[in-house]
1. Calculate the dipole size of the chain relative to its Cα centre from +1 charges on Lys and Arg beta carbons and -1 charges on Asp and Glu beta carbons; express the result in debye to the nearest 20.
2. If each residue of separation counts as 0.36 nm, what is the full-extension length gain between Glu58 and Phe20 once their alpha-carbon separation is subtracted?
3. What does the charge count around Phe85 come to, taking other residues whose C-beta lies under 12 Å from its C-beta (Lys +1, Arg +1, Asp -1, Glu -1)?
4. Using the Cα gyration tensor of the stretch 1-44, with a ≥ b ≥ c the square roots of its eigenvalues, what is the shape: rounded (a/c below 1.5), prolate (a/b larger than b/c) or oblate (neither)?
5. Out of all DSSP beta bridges in the chain, what portion is antiparallel? Express it as a percent rounded to 5.
6. Compute the label zone of Phe42 within the stretch 60-75: residues whose backbone N is under 11 Å from the point 7 Å along Cα-to-Cβ.
7. Could you work out what % of the accessible surface of the chain is carbon and sulfur, using a 1.4 angstrom probe and leaving DNA, RNA and ligands out of the count?
8. With a probe of 1.4 Å, find how much accessible area the chain has per residue, and write the answer as a whole number in Å².
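The values are calculated or read from the model by the stated rules, or taken from the named source; none is laboratory data. Predicted model only: the values in this text are computed from it and were never measured. Positions of Cβ are generated from backbone atoms using ideal geometry, with glycine treated the same way; all protein chains shown enter the neighbour counts. Only protein heavy atoms, including side chains, enter the accessible area calculation; ligands, DNA and RNA are left aside. Shrake-Rupley method; radii C 1.70, N 1.55, O 1.52, S 1.80 Å.
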Amino acid sequence: ELKRLDYTNQKVIFYNKCEFPCEMTGWEIRDEGRKNYFFENFELDPGHEVEIIVGEGEDITISTRTTLYWTGESYVWTSAGDTLFLRDKEGKLVLWKNY
């Protein structure tokens with residue numbers, strides 16, 4: 001589930017509320033402007049979160065939260081409004097959220 005979309009701090013948090021791991025390798029996050037992020041070799045464990053921050057940084061996992069960096073972009077989410085699309089490795093829409 002989408003736990004948080006924070007356009008001010010350029011980050012997104014997903015939470016796995018299921019009782020089984022979610023294999024997200026090859027999944028894609030995209031905005032309306034076609035900027036995209038692909039998960040590489042990533043599985044989200046039950047009860048854990050993944051935070052994706054736009055900018056440079058080192059991917060880390062601490063306890064139940066993994067932080068990944070969407071490098072190569074200075075911003076993705078606009079303050080005027082945007083839409084987040086999450087697609088699985090087959091390109092099927094898993095969720096979308098606009099603001």
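1. 360
2. Residue separation times 0.36 nm, minus the Cα-Cα distance, leaves 11.0 nm.
3. +1
4. Oblate.
5. If I count the DSSP bridges inside the chain, around 80 percent turn out antiparallel.
6. 60, 66-71
7. Roughly 46 percent, rounded to a whole number.
8. 61
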